[in-house]
Amino acid sequence: MGNTTSGPRTKPRGALRRRVDLLGREVAKFGAVGGAGLLVNLAVFNLMRHTTDLQVVRASVIATVVAIVFNYVGFRYFTYRDRDKSGRTRELSLFLLFSAVGLVIENGVLYTATYGFGWDSPLQSNVFKFFGIGVATLFRFWSYRTWVFRTLPARAAVARAESFLEAGAAQAPALSGRRGSER
């Protein structure tokens, strides 16, 4: 009488909890790579801004491109290393497409602040560069996880697991035969 919670009712909560945990880990990994990419982006931007005569937005575009290359490597081999790897050409093409959209968003904010409002001091440029990166990051997170680094379809994941189990089962008799002969 004391406990009215049934088994099936707790099962969906466990599945939801697992999905939230997985999303949390994904966001943390995306944030780690993105944070390092942010540092690369801002370092290259400030280096270009203070050591060359390039205009602010051009220096920012170069910095963004360097960060995009850095981020692809981090996302592919750290954040999304467990995702589908079968279509690398498609993956890279979509990554570059969505990164270009993010580049336009990021540098559009900086362009508007610099040339629309005349906010061109080093501090103002960094603030609006940072703000543009933040807005573009929201778009990039959504697009990368939805379109670029897709999860394996359920059938492919099951087939992979089954082939792994079959390979393990095929090795098991050979191993047990060796153990028996060692006695």
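The values are calculated or read from the model by the stated rules, or taken from the named source; none is laboratory data. As the structure is a computational prediction, the values presented were derived from the model and not from experiment. Glycine gets a Cβ as well: all are built from the backbone with ideal geometry, and neighbour counts include every protein chain shown.
For V27, are the conditions met, namely being assigned by TED's automatic domain parsing to the domain that holds Q124, loosely packed, with under 15 Cβ neighbours inside 10 Å, under 24 Å from G132 (Cα atoms) and out of contact with any strand residue (DSSP E or B) (no Cβ under 9 Å at 6 or more places or on another chain)? Against the criterion (assigned by TED's automatic domain parsing to the domain that holds Q124, loosely packed, with under 15 Cβ neighbours inside 10 Å, under 24 Å from G132 (Cα atoms) and out of contact with any strand residue (DSSP E or B) (no Cβ under 9 Å at 6 or more places or on another chain)), V27 qualifies. Here is the figure for segment 78-123: residues that are under 16 Å from A59 (Cβ atoms) and not in a helix (DSSP H, G or I) total 3. Just one residue in the set A67, A100, A136, A63 is under 17 Å from L38 (Cα atoms), over 14 Å from the mean Cα position of the chain (by Cα), small (G, A, S) and crowded, with 18+ Cβ neighbours inside 10 Å; that residue is A63. Cβ-Cβ contacts under 6 Å between residues 6 or more apart (or on different chains), taken from a first residue in segment 58-69 that is in the same structural domain as N46 (by TED's automatic domain parsing) to a second residue that is crowded, with 16+ Cβ neighbours inside 10 Å and outside any helix (DSSP H, G or I), are absent.
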